[in-house]
Amino acid sequence: MQPLGKYLVILGLVIAGVGLLLWLVGPRLDWFGRLPGDVRVERPGFKVFAPFTTMLLLSVLFSLVLWVVRRFFG
C-alpha cells in the first residue's frame, strides 16, 4: 500500500499545481474555448456549446505530456 500512497500524494500535488497555475494565469486565457472550430449556438431558450478545437488541442497537449512522462519515467 505504500506506493499507492506515494502516487496519490504526487497526483494531489500535480492537481494543486495545475489549479494554482490556472488561478494565476486564468484571466489571460480568455481566448480558451473560443477557438475557430468551437461551435456555439445561442437561440432564445436554447444553448449549445461544442468545443471541438479546444478538446483537440487539449488531447494533443495531454498526449505529448504523457509521452514525455512515459519516455523519461516509465
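The values are calculated or read from the model by the stated rules, or taken from the named source; none is laboratory data. Bear in mind that the values here come from a model prediction, so they are computed numbers and not experimental data. All Cβ positions, glycine included, derive from the backbone under ideal geometry; neighbour counts span all protein chains shown. Remember, those area values only see protein heavy atoms, side chains included, never the ligands or the DNA or RNA. Shrake-Rupley method; radii C 1.70, N 1.55, O 1.52, S 1.80 Å.
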With the structure loaded, tell me whether GLY45 is at pLDDT 90 or above, of a type in the set (Gly, Ala, Ser) and exposed (fewer than 10 other Cβ atoms within 10 Å of the Cβ) or whether it fails that test.
yes
Sole exception among (1) assigned to a helix (DSSP H, G or I); (2) free of Cβ contacts under 8 Å to residues at least 12 places away in the same chain; (3) of a type outside the set (A, V, I, L, M, F, W, C) for GLU42, by number:
(1)
List every residue pair whose Cβ atoms lie under 8 Å apart, where the two residues are 6 or more positions apart in sequence or sit on different chains, the first residue falls within segment 3-15 and is under 20 Å from PHE62 (Cα atoms) and assigned to a helix (DSSP H, G or I), and the second residue, located anywhere, is open to solvent by 90 Å² or more (accessible area, probe 1.4 Å) and polar (S, T, N, Q).
none
Within segment 45-74, can you find the residues that are of a type outside the set (A, V, I, L, M, F, W, C) and outside any helix (DSSP H, G or I)?
GLY45, LYS47, PRO51, GLY74
